[in-house]
Amino acid sequence: MEKLTVTPWEVNGELNDSSYSKLVEKFGVDLINDNLISRINKISKGNLHPLLKRKVFFAHRELNLVLDDYENNRPFYLYTGRGPSGKMHIGHLLPFTFALWLQRTFNVNLFIQMTDDEKFLISGKEKNEIEKFTNDNILDIISLGFDPKKTHILADYRSAKVLYYYATDVAKHITVSTVKAVFGVNDSDNIGKVFFPSMQITPAFLFSALTGKKMRCLIPYAIDQDPYFRIARDVLPKLGYYKPSAIISKFLPALQGNSAKMSSSKTESAIFLDDSKAEVKKKLMKYAFSGGKDTLEEQRKYGANPDIDFAFLEYSFLEEDQGKVDRIYQDYKSGKMLSGEMKELAAEKISEFLESLKTKKEKMKDRVGEYMFDPEKIKLYS
Ligand code: TRP
C-alpha cells in the first residue's frame, strides 16, 4: 500500500475514511462529536454551516474552550490563511465561506494570513508572480463579504516588520530537529523553510501580543496544516499565551475525485473562480467525480452515493436552503434523480455563485486597503 504522507508541503497517498482516522490518531486531534455540534447549532440559532453539517470540518482541538469563552462573554478571535501560489478555485474559497460564517456567528475579529514568503521558499515561483496571486486572492477572499472593521489581512512581506518581531519569540523555542521531524525538512532544504513555521504560528497570539490582553484564538484549517499548530500549542504557553484552538477540515472534494487534493496546476482539474458558465457546465459533465452508477438501469435501481459525488457536495455547500439539500440528497440516493440532473443543478448553483462573486470583486477593487492589517487598529481593542 502507498504510504500516507500529510504535511503542509507534501500530501501523498489515498485519502479515505481510514486514512483520516489514522491522521486523527497520529496528530492527536479530537473528532467533533454530537454534543459540540449541538452547542454550535444553538449558538448559530440553527444555521449550521453546510461544511460542518456534512462533516467536512470533522475534528478539533479544544473547541469547547472557545465556546465556553463565547458563552461567558470573554473575547476570542479567529485566524486562517492562504498560500498564494496560484489562482483560486472553488475548493480554495469554500473554507473562507466557513471562516466568514464563524465571524458572523460569533461576531469576532479575524486574521487572514497570506503566506507569500512561504510560497517563495517552497516553490520555484518568482516573487512578482506570487505578489500578483496574493493581490488577486485577497480580492477573491474579501469579495465573500467579510466585515472590514474586524478582518485583518496579513500579507507576510508587507506585514513583516510586526510579524518578524514576534516570530523570533516563537523561533527561539523551536529546534531544528522538531522542524525536521514535523515538516519532513532535511539537510539539503533551504534554511528559510526551517524558520518559516514561526511566521505562520505568530498570528495565533498576535492579537493578544498587540493588545496586551490574553485572548484565545480559534484556527480553522485543513488537516495538512496541523503541524504548524501542533507546534504552536507547545510554544505559546511558554510565551504566556493560550494554546490555540482548532477546527479542522478534511480536504475538500476534488473535481476528479478525492485521491489527491484539488490541484490548481491543470485547468481541467478544478473549477476556477473566473470560469464561465459554459466552462463550469462542461467541467462538471466531463470530469466531475460521480457517486452515481454506471448505467441508467442500475442508477434507478440502486441510487447514487451523494457523499462522494462532487456535484452534489458542491451544490450542498452553496445552497442556502438546507431543506432543499436534504430532499435532493434523498432523491439522488434513492435513484429518483440521475447524475446528469445532479450535475445540471450543481452547474446552475456554482455559476450563480461565481457570477455574484465577479460583480462583488469588481466593487472591492478600491476597498482592499480597509482590510489590510494595521497594528494600530488592533491596539484599539486594548
Ligand atoms: N500555509 C497555508 C497554505 O499554504 C496558509 C496559511 C497561513 C493558513 N496561515 C494559516 C491556513 C492558518 C490555515 C490557517 O495554504
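Under the combined filter of DSSP loop state and at most 14 neighbouring Cβ atoms within 10 Å, the range 263-356 retains these GluC sites (Glu not before Pro): Glu320.
Taking the DSSP bridge list for the chain and keeping only pairs wholly inside it, about 35 percent are antiparallel.
Could I get the Rg over Rh figure for the chain? Both from C-alpha atoms, Rh via Kirkwood, rounded to two places.
Details: Rg = 20.8 Å, Rh = 21.7 Å.
Here the Rg-to-Rh quotient is 0.96.
Comparing Cα centroids, the range 1-63 and the range 267-314 end up 24 angstrom apart. When the helices of the chain are scored as -39500 (n - 2.57) per DSSP H run of n ≥ 4 and the total is divided over every residue, the value at 222 nm lands at -15500 deg cm²/dmol. For the chain, the longest principal axis of the alpha carbon atoms and the long axis of helix 192-201 meet at an angle near 80°. Accessible area per residue for the range 1-147, computed on protein heavy atoms with a 1.4 Å probe, is 44 Å². By the rule of a C-alpha distance below 15 Å, with chain neighbours fewer than 8 residues away ignored, the aspartates and glutamates paired with Lys150 are Glu370, Asp374, Glu376.
Could you tell me which of rounded, prolate or oblate describes the range 291-382, using a ≥ b ≥ c as the square roots of the eigenvalues of the alpha-carbon gyration tensor, with rounded for a/c under 1.5 and, failing that, prolate when a/b is larger than b/c and oblate otherwise? Prolate, because a/c is 1.5 or more and a/b exceeds b/c. Element breakdown for the range 5-254 at a 1.4 angstrom probe: carbon and sulfur atoms account for 49% of the accessible area. Partners of Lys127 within straight-line reach, counting lysines whose Cα lies under 21 Å from its Cα and excluding those fewer than 8 residues away in the same chain: Lys87, Lys119, Lys161, Lys193. Between the residues Leu102, Phe317, Ile138, the greatest Cα displacement towards the positive end of the dipole of the chain, with unit charges on the Cβ of Lys, Arg, Asp and Glu, is found for Leu102. Packing here is the average count of other Cβ atoms within 10 Å per residue, and on that basis the peptides 231-244, 369-382, highest first, run 231-244, 369-382.
By the rule of a C-alpha distance below 12 Å, with chain neighbours fewer than 8 residues away ignored, the aspartates and glutamates paired with Lys363 are Asp140. Given a cut-off of 31 Å, name the pairs among Lys149/Lys324; Lys42/Lys277; Lys42/Lys243; Lys55/Lys301; Lys26/Lys281 whose C-alpha atoms lie farther apart than that in the structure shown. Violating the 31 Å Cα-Cα cut-off are Lys149/Lys324; Lys42/Lys277; Lys26/Lys281.
The values are calculated or read from the model by the stated rules, or taken from the named source; none is laboratory data. Note that the structure is predicted; figures quoted are calculated from it, not measured. Cβ atoms come from the backbone with ideal geometry, glycine included; neighbour counts cover every protein chain shown. For the accessible areas, the whole protein counts, side chains as well, though only heavy atoms, and no ligand, DNA or RNA atoms are used. Shrake-Rupley method; radii C 1.70, N 1.55, O 1.52, S 1.80 Å.
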